[in-house]
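Read the structure below first, then the notes.
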Amino acid sequence: MKKFDEIISDARPTVVDFYATWCGQCTRQMPIIDNFKRKMGDEVNVLKVDIDQERELTDRYRIQSVPTILIFKNGEVVWRASGIQSHTDLMVALNGIEWR
């Protein structure tokens, strides 16, 4: 993913959903991420990374199960969770970091 490092280096939080097309839980996570992105607008960056297409990123961040969501701020991982995360889970995670 060409601009990945540039995007995660932003001062705004970046929520990254590592997923796979063959993953049932990922299929259930996607509408949650899409809705989260729509509701948050420009306040946060939201990226989806297909682990089968982006092996280098998958290896770099040691993704061992999907879905796994990482939140970055200024290029650093500030939160990580595996399994389905609700909109509320994501908001609680964001509220745990200084970003506004």
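The values are calculated or read from the model by the stated rules, or taken from the named source; none is laboratory data. Because the structure is predicted, anything quoted here is derived from the model rather than measured. All Cβ positions, glycine included, derive from the backbone under ideal geometry; neighbour counts span all protein chains shown. Keep in mind that these areas ignore ligands, DNA and RNA; they rest on the heavy atoms of the full protein, side chains included. Shrake-Rupley method; radii C 1.70, N 1.55, O 1.52, S 1.80 Å.
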Any chance the range 78-99 includes a residue that's under 18 Å from Glu6 (Cα atoms) and without any contact (Cβ under 8 Å) to a residue 40 or more places away in the chain? no
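Test Ile84 against the criterion of being open to solvent by 60 Å² or more (accessible area, probe 1.4 Å) and touching a helix residue (DSSP H, G or I) at 6+ places or on another chain (Cβ under 7 Å), and give yes or no.
For Ile84, the condition - open to solvent by 60 Å² or more (accessible area, probe 1.4 Å) and touching a helix residue (DSSP H, G or I) at 6+ places or on another chain (Cβ under 7 Å) - is met.
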Residue list for the range 1-41, filter: part of a loop (DSSP other than H, G, I, E, B) and either among the aromatic types (Phe, Trp, Tyr) or touching a Gly at 6+ places or on another chain (Cβ under 9 Å) (or both): Ser9, Asp10, Trp22
Exception for Phe36 within (1) over 14 Å from the mean Cα position of the chain (by Cα); (2) within 25 Å of Ile97 (Cβ to Cβ) falls at (1)
Single residue of the range 42-72 satisfying the filter (in a loop (DSSP other than H, G, I, E, B) and of a type in the set (A, V, I, L, M)) that is surrounded by the most Cβ atoms within 10 Å (Cβ to Cβ): Val66
Can you tell me which of Asp42, Asp10, Asp52 is among the acidic types (Asp, Glu) and modelled with pLDDT of 95 or more? Asp52
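Starting from residues that are hydrophobic (A, V, I, L, M, F, W, C) and more than 12 Å from Gly83 (Cβ to Cβ), keep the ones in the range 19-28 and report whichever is least open to solvent (accessible area, probe 1.4 Å).
The selected residue is Ala20.
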Any residue in the range 32-45 that's under 12 Å from Met91 (Cβ atoms): show its pairings with residues that are aromatic (Phe, Trp, Tyr) and part of a helix (DSSP H, G or I) at Cβ separation under 9 Å, as long as the two are six or more apart or on different chains. Val44/Phe36
So Gly75 fits all but one of (1) surrounded by 14 or more Cβ atoms within 10 Å (Cβ to Cβ); (2) in contact with a helix residue (DSSP H, G or I) (Cβ under 6 Å, 6 or more places away or on another chain); what number is the exception? (1)
